[in-house]
Amino acid sequence: RATATMGEAPEPSPQAPLAVLSKVELRVSCKHLLDRDTLNKSDPCVLLLMQSQGQWTEVDRSEVIKSNLNPVFAKIFTVDYYFEEVQKLRFEVYDSHGHAGVGTHDDDFLGGMECTVGQIVAQKRVTKPLFLKYGKFAGKSTITVISEEISGNNGYVELAFRAKKLDDKDLFSKSDPFLEIYRIDDDRSEQLVYRTEVVKNNLSPIWEPFKVSLNSLCSCEEKRKLRCVVWDYDSRGKHDFIGEFFTTFEEMQKAMGENKVQWDCMNPKYKIKKRNYKNSGVVIHRVYSFLDYIMGGCQIHFTVAIDFTASNGDPRNSCSLHYINPYQPNEYLKALVAVGEICQDYDSDKKFSALGFGARIPPKYEVRGARSCPRHPSHPPTGLQGVVESYQSCLPKIQLYGPTNVAPIISKVARVAANEERTKEASQYFILLILTDGVVTDMADTREAIVRASYLPMSIIIVGVGNADFTDMQILDGDDGILRSPKGEPVLRDIVQFVPFREFKNASPTALAKCVLAEVPKQVVEYYSYKAFPPRCPQPETPDSNLSSPQ
């Protein structure tokens, strides 16, 4: 979680020794906030300000909690504490408005409270009323701040959780689960340690890994009990309880040696009412990383598919996107080399596959689906250079035509990936790079193919070449929502990354590669975690370890 360090240590003077610095964690919650929204409840966010030389300066802010008048914020504020200084703090609560962010208008202001770091530290728990401007009470609104000193033996630990077969709480779709972790203190009160993001429409979610201090997690006591709760998110704030389990950090650490540890997610009401009730799903603490799979012998197999439709222009014309300039590579080659140079390091035999679509193939000049690029007879298609030469040599032999059908390309690679999936090992993962100059003409079939491919060990990168309007292509990139097939079936994983090449025209090749490949490690881990395939043990290199090419 993001933290902010506040306050500056005073300059030492000959008369006084340098102050001893301590760090303090502050947790914030509110009750009975004003309701500023007409249809829903307020969406509160807390701003933390510190006074310096008579001026209030914002130093940090919490997350926004949707539709909740009694929020418990997961954000932990970290401040520097000096005993001999009066460190004035101000907490301001606002009603957030989505993309517009936290407003500063009077209508958005839900109340504020001033205190000092010393007051919070001395009392450990401070609850005060919130005030509007001119000293007016904000109704019955209160804010509670809990302080905790960060001890000297404090460290940070990374945790990563996923779940399987959670109960479905939604009528027309699947649950939208998130996980909360609470620390149980000596007085039996519970402190929220962390709240994960919401994973939409998924009964087997994989939550993002996160780091938390041992002080926050368990007060640096490995045997301290923790309560973990899984909820089904509701935009109106009325989250549905799925289940809970109790554990300790000591128990979580078993995953380090055994790769994973899991708990039954239990709903006590169901346990009483249902005779054969087993659980409401399973929550697993996972520790595998992308490097675990790579060092375990997982190979990244790279396939490039190139658009040979007529809209690219005659390759003999210098205005064509396929024009081969001996002094300057075209956009297709720039994109191919930028991505291929990264992927080739993870493929032991360096045998890439080069496919084309949209061309008429001699001798009958028929339009066919995904076809391998003709290869230069004196240069086998080994390595990136072999793919580049295959591309350059095939241009004079084909006729650019159409249409821009991408689904056959995806399906072709998916068939090979499906064969790999049957091995039930984390041995090969497939990256398909599609280079195209326009919006695909078989959008419905392409969406269907992507949904099918999301269940397989593969990722798809689409780079738009040229100056066409690629707005419709953003549909395939699930960043702004969940991609669905024409029948409404959602993708299992977000496996598509789309970028227009023109955004990187004046940048270095590494900038394009970083952008399109940044999500691949996460996608690899997501797939093998979902399948529960552990990394293989490192294998010695053998002459027979070649990868098969898509057929």
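The values are calculated or read from the model by the stated rules, or taken from the named source; none is laboratory data. Note that the structure is a prediction, hence the values are computed from the model and not measured. For neighbour counting, all protein chains shown are included, and Cβ atoms are generated from backbone atoms with ideal geometry for every residue, glycine included. The area values use the complete protein model at the heavy-atom level, side chains included, leaving out ligands, DNA and RNA. Shrake-Rupley method; radii C 1.70, N 1.55, O 1.52, S 1.80 Å.
Annotations
- For His301, the residues whose amide H sits under 5 Å from its own are Tyr429, Phe430, Ile431, ignoring neighbours fewer than 5 places away on the same chain, with H placed 1.01 Å from N.
- Convex hull volume of region 380-505 per residue (C-alpha atoms, cubic angstrom): 141
- Using a probe of 1.4 angstrom and keeping all protein chains present, the accessible surface of region 293-531 works out to 43 square angstrom per residue.
- Size of region 156-286 as Cα extents on the principal axes (Å, biggest first): 43, 32, 30
- Helix 407-421 axis, angle to the chain major axis (alpha carbon atoms, nearest 10°): 70
- Angle in degrees between helix 443-453 and the longest Cα principal axis of the chain, rounded to the nearest 10: 70
- Spin-label model, Phe290 to Lys271: label points 7 Å out along the Cα-to-beta-carbon direction sit 4.0 nm apart.
- Label of the coordinate-derived value, Kirkwood radius over Cα pairs in Å, listed as [x] 28.5; [y] 24.8; [z] 27.1: [z]
- Excluding the site residues themselves, the longest part of the chain lacking any chymotrypsin sites (Phe, Trp or Tyr not before Pro) in a DSSP loop with at most 12 other Cβ atoms within 10 Å is 366-551.
- For region 131-216, applying the loop criterion from DSSP together with a ceiling of 14 other beta carbons within 10 Å to the GluC sites (Glu not before Pro) yields Glu197.
- The charge dipole of the chain, taken about its Cα centre with unit charges on the Cβ of Lys, Arg, Asp and Glu (plus for the first two, minus for the last two), comes to roughly 1660 debye.
- Those lysines that a straight Cα-Cα span of less than 17 Å connects to Lys505, excepting residues fewer than 8 apart in one chain: Lys334, Lys514
- Taking Lys and Arg as +1 and Asp and Glu as -1, the other residues whose beta-carbon sits under 11 Å from that of Asp170 total -3.
- Acute angle (nearest 10 degrees) that the helix 383-394 long axis makes with the longest principal axis of the chain, alpha-carbon atoms: 50
- Extension gain, Lys260 back to Gln53 (0.36 nm per residue minus Cα-Cα distance, nm): 69.4 nm
- Proximal lysines to Lys412, defined as alpha-carbon separation beneath 21 angstrom and excluding residues fewer than eight positions away on the same chain: Lys350, Lys351, Lys424
- Dipole moment magnitude, nearest 20 debye, region 156-286 about Cα centre, only Lys, Arg, Asp, Glu C-beta charged: 600
- Rg over Rh, two decimals, region 293-531 (C-alpha only, Kirkwood Rh): 0.94
- Look at the dipole of the chain built from charges on Cβ: of Cys45, Leu132, Gly356, the Cα furthest out on the positive end belongs to Gly356.
- For Ser454, distant residues with modelled amide H under 5 Å away: Leu492
- Whole-percent carbon and sulfur share, accessible surface of the chain, 1.4 Å: 51
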